[in-house]
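Read through the structure below, which is laid out as structure tokens, and then see the notes.
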Amino acid sequence: MLRPRALMPEVPCRVTWRRNARARRVSLKIDPLEGCVIVTLPMRASAKSGLNLLHENAQWVTQHLRRIQPAEALSPGASVPVGDVPHEIIHAPQQRGPAVIAAGQLVVGGALEFLPRRVLDALRAEAGRRFLASATPHAAALEVRPRAIRVKDTRTRWGSCAPDGTLAFSWRLVMAPDWVLDYVVAHEVAHLRELNHSPRFWALVERLTPHHDAANAWLKREGPRLLRVGKATDA
Ligand SMILES: [Zn+2]
């Protein structure tokens, strides 16, 4: 039976189609980062079965997509968090040198067309400073020394520790509260002593920070929002 087409959301709804050899059935999932719904089809399922499922669940899809705020464009007057504190983006065309982050403002020089890039550069640089400032005392406390600290834009991991002692962090942590950034750094520094998640490892983390559970909960809740910053389309 063909159902009358349920109305797909009044909110713009992007659908990503995936074929998966291991999928047993057609399924729907919301991707909070991309702001779309993912339809996964087993190899032999018809596209129509996916469409049907989408239509049957139109209300669920709409509700979930509505909860995801679109990323705000990085433009003058917009706000970006630094250490969880909103900072207003100010365009100061005559200002030379890198953007300045101070007193609730992020002041960016140069031509307007380069402003989003420069905002991201400033946040990335600030992130690097904060990772170092946080890692230094933790490393001293555990008598270890990172080989290097790298600033990345990872999508699936906030931090990592390579076997050679190189630590890497997502610059986006600079937007999180200080204690969240500090927890992620402490976690990776502790891996310089224990490259595993054994009880001994967790005992080290606990020596460095009390924020394990709260920081994980914060990142789970707010992480997708941080990952969307700077990814605004012209919607
Ligand atoms: Zn770990």
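The values are calculated or read from the model by the stated rules, or taken from the named source; none is laboratory data. Every value quoted in this text rests on a predicted model; they were computed, and no experiment measured them. In this analysis, Cβ positions are derived from the backbone assuming ideal geometry, glycine residues included, and neighbour counts consider all displayed protein chains.
Which one of these is more than 15 Å from the ligand (Cβ to nearest atom), in the same structural domain as Arg207 (by TED's automatic domain parsing) and touching a helix residue (DSSP H, G or I) at 6+ places or on another chain (Cβ under 9 Å): Arg147, Arg118, Arg155?
From the options Arg147, Arg118, Arg155, the qualifying one is Arg155.
Considering only the stretch 180-200, I want to know if a residue exists there that is away from the ligand (no atom under 16 Å from the Cβ) and assigned by TED's automatic domain parsing to the domain that holds Ala127.
no
What single numbered condition from (1) touching a strand residue (DSSP E or B) at 6+ places or on another chain (Cβ under 7 Å); (2) over 27 Å from Ala141 (Cβ atoms); (3) free of Cβ contacts under 8 Å to residues at least 60 places away in the same chain fails to hold for Arg221?
Only one criterion in (1) touching a strand residue (DSSP E or B) at 6+ places or on another chain (Cβ under 7 Å); (2) over 27 Å from Ala141 (Cβ atoms); (3) free of Cβ contacts under 8 Å to residues at least 60 places away in the same chain is unmet by Arg221, namely (1).
Those residues that are more than 14 Å from the ligand (Cβ to nearest atom) and farther than 14 Å from Leu132 by Cβ, I need them from the stretch 158-169; list them, please.
Scanning the stretch 158-169 gives Asp164, Gly165.
Here is a check on your reading of the model: is Ser160 in contact with a Phe, Trp or Tyr (Cβ under 7 Å, 6 or more places away or on another chain) and modelled with pLDDT of 95 or more?
Working: in contact with a Phe, Trp or Tyr (Cβ under 7 Å, 6 or more places away or on another chain): no; modelled with pLDDT of 95 or more: yes.
Criteria not met by Ser160.
Out of the residues in the stretch 85-144 that are on the phi > 0 side of the Ramachandran plot and surrounded by fewer than 18 Cβ atoms within 10 Å (Cβ to Cβ), state the one that is nearest to the chain's Cα centre (by Cα).
As a first pass, look at the stretch 85-144 and keep what is on the phi > 0 side of the Ramachandran plot: 97, 103-104, 110, 143.
Those still in the list that are surrounded by fewer than 18 Cβ atoms within 10 Å (Cβ to Cβ) too: 97, 103-104, 143.
Numbers: Gly97: 27, Ala103: 24, Gly104: 22, Glu143: 30 Å.
Checked the stretch 85-144; the qualifying residue nearest to the chain's Cα centre (by Cα) is Gly104.
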